[in-house]
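Working notes, beginning with the structure itself.
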Amino acid sequence: MDYGEESLKLHRSLAGKISVVPKGKVNYDNLSLYYTPGVAAVSKRIAEQPYEVFNLTWRGNTVAVISDGTRVLGLGNVGPEAALPVMEGKALLFKVFGGVDAVPLVVRSKSEDELVDFCRAVAPTFGGINLEDIESPKCFYVLERLRDILDIPVWHDDQQGTATVILAGLLGALELTGRDLKNSRIVLVGMGAANTAVFRLLLKAGVSPSNILAVDEKGILSPQRLEEFEERDPRRAVCKLTNREGKTGHIPQALEDADVCIALSRPGPGVIEPSWIRKMSASPIVFACANPVPEILPEETLNAGAAVVATGRSDFPNQLNNVLVFPAMFRGVLDVRAKKITDGMCLAAANALYSYARTKGLSTGYIIPRLDEFEALIEEAVAVALEAVREGVARNNNNEEAIRKIIKDNILRSQGVLGKIV
């Protein structure tokens with residue numbers, strides 16, 4: 001199948017992928033309740049009790065999917081209009097897999113400040129913000145500034161979503177190969193938004209930075225390269241904390257005797273060579289996650305001696321797909337009215353996915369739940385919500401039983417409306 005041509009036909013026939021429909025029955029008898037004069041009472045109540053906006057409007061279940069179109073998929077800076085179909089697709093996935101309503105908003109902004117100002121201006125409409133396809137290093141700064149100034153969850157899926165699903169898959173792969181996370185030697189290939197967030201989450205999970213080597217387009221990062229990055233760039237932390245011995249070279253030198261390769265760099269094949277995999281430790285783990293083509297193809301990786309291989313594609317086993325994370329993440333935070341998403345909540349989500357796969361039976365072709373295993377998404381959302389309560393960032397502090405019921409009802413309701421994905 002030519003996915004490109006078929007996708008163009010589908011989008012043209014539908015004129016997009018999503019629409020807005022009323023939640024309740026609309027007739028001439030109740031228009032006065034939905035709108036004027038009845039709606040004035042709703043506005044008055046919110047003016048008196050601002051928190052009621054989450055209960056009386058769509059805000060409690062609606063996320064803004066925001067992009068400036070500066071780094072769209074593997075296409076680069078194609079602009080906001082070209083980013084719109086991708087953001088529409090993200091909104092569709094929010095609804096299908098999490099029961100979360102989402103609105104795509106593409107922005108023609110020239111600077112970090114303009115994008116931050118836009119997000120701050122529209123925030124009163126939404127229960128959360130999902131940043132998407134924003135170039136590096138701007139994406140780092142926008143995320144951190146918005147997390148500081150807004151009292152709703154702000155999430156950059158290319159950072160936090162990718163890091164969470166990578167960690168979930170890694171936990172399963174490590175168990176299969178008899179390794180311990182804290183003692184494994186890990187190489188990060190590509191140091192854009194995704195692997196920079198992977199690095200931070202690995203530290204949160206207990207990995208020592210002395211066990212990590214990171215490689216960008218110029219070679220292995222080290223303290224000697226610190227001055228290449230501006231002061232607030234989070235990649236400076238990677239330079240400061242890793243490779244204290246000052247190892248030099250590029251991907252092949254970094255992979256020598258490594259247990260794990262996590263590649264989130266540029267499309268292959270040929271970015272990573274089979275001969276480099278052979279120089280890793282016995283039965284290594286290789287995650288080659290560039291899209292649309294992995295840095296090294298799974299068959300080549302396995303033939304070179306890898307024990308567990310994962311990619312970002314659905315036509316290979318062990319797809320590490322952010323769809324396993326962001327709908328359930330927002331389902332969890334919205335249902336407890338969390339003020340933010342923390343690294344601890346990402347860790348809880350990764351552990352929940354790993355635990356679910358473990359109960360189903362880990363194998364070299366199954367290190368993480370599949371997209372059709374909605375029970376895993378429920379467990380993940382519950383884990384996120386409970387962690388938000390534990391960390392004190394939730395406004396609704398319900399017990400686990402109540403949280404589970406709300407989350408399960410919301411996720412399964414979307415399945416009832418849309419039909420289960422198989």
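The values are calculated or read from the model by the stated rules, or taken from the named source; none is laboratory data. Since we're looking at a predicted model, the values are computed, not measured. Heads up, the Cβs are rebuilt from the backbone with ideal geometry, glycines too, and the neighbour counts pull from every protein chain shown.
The conditions of being more than 14 Å from the chain's Cα centre (by Cα), in contact (Cβ under 8 Å) with a residue 40 or more places away in the chain and part of a strand (DSSP E or B) are met by L188. When I262, I277, I272 are checked against the criterion of being part of a helix (DSSP H, G or I) and either under 25 Å from R313 (Cβ atoms) or not acidic (D, E) (or both), I277 stands alone in meeting it. The lone criterion from (1) at negative phi; (2) in contact with a Gly (Cβ under 6 Å, 6 or more places away or on another chain) left unmet by G69 is number (1). Scanning the stretch 374-402 for residues that are among the polar types (S, T, N, Q) and closer than 21 Å to G128 by Cα returns N396, N397, N398. Among the residues of the stretch 191-206, those that are under 14 Å from L320 (Cβ atoms) and either outside any helix (DSSP H, G or I) or in contact with an Asp or Glu (Cβ under 7 Å, 6 or more places away or on another chain) (or both) comprise A194, L201.
Among the conditions (1) surrounded by fewer than 21 Cβ atoms within 10 Å (Cβ to Cβ); (2) under 22 Å from A194 (Cα atoms); (3) modelled with pLDDT of 95 or more, F94 misses just one, which is (1). Looking at the stretch 113-127, can you tell me whether even one residue there is modelled with pLDDT of 95 or more, acidic (D, E) and surrounded by 17 or more Cβ atoms within 10 Å (Cβ to Cβ)? No, the stretch 113-127 has no match at all. Filter the stretch 316-359 down to residues that are touching a helix residue (DSSP H, G or I) at 6+ places or on another chain (Cβ under 9 Å) and of a type in the set (S, T, Y) and give me whichever is surrounded by the most Cβ atoms within 10 Å (Cβ to Cβ). Applying the filter and picking the extreme gives Y354. V86 passes every criterion in (1) surrounded by fewer than 21 Cβ atoms within 10 Å (Cβ to Cβ); (2) modelled with pLDDT under 95; (3) within 21 Å of the chain's Cα centre (by Cα) apart from (2). Being part of a helix (DSSP H, G or I) and either crowded, with 16+ Cβ neighbours inside 10 Å or among the basic types (K, R) (or both) is a description that does not apply to K247. Tell me whether the stretch 46-67 contains one or more residues that are more than 16 Å from P124 (Cα to Cα), modelled with pLDDT of 95 or more, surrounded by 15 or more Cβ atoms within 10 Å (Cβ to Cβ) and under 29 Å from the mean Cα position of the chain (by Cα). Checking the stretch 46-67: at least one residue is more than 16 Å from P124 (Cα to Cα), modelled with pLDDT of 95 or more, surrounded by 15 or more Cβ atoms within 10 Å (Cβ to Cβ) and under 29 Å from the mean Cα position of the chain (by Cα). Looking across V165, V142, one residue alone is within 24 Å of V65 (Cα to Cα), out of contact with any strand residue (DSSP E or B) (no Cβ under 8 Å at 6 or more places or on another chain) and hydrophobic (A, V, I, L, M, F, W, C). It is V165. For the stretch 142-158, a residue qualifies if it is part of a helix (DSSP H, G or I) and either at pLDDT 95 or above or within 30 Å of L56 (Cα to Cα) (or both), and the qualifying residues are V142, L143, E144, R145, L146, R147, D148, I149, D157.
For the stretch 255-266, check the following and say yes or no: at least one residue is surrounded by fewer than 21 Cβ atoms within 10 Å (Cβ to Cβ) and within 22 Å of V72 (Cβ to Cβ). Yes, some residue in the stretch 255-266 is surrounded by fewer than 21 Cβ atoms within 10 Å (Cβ to Cβ) and within 22 Å of V72 (Cβ to Cβ).
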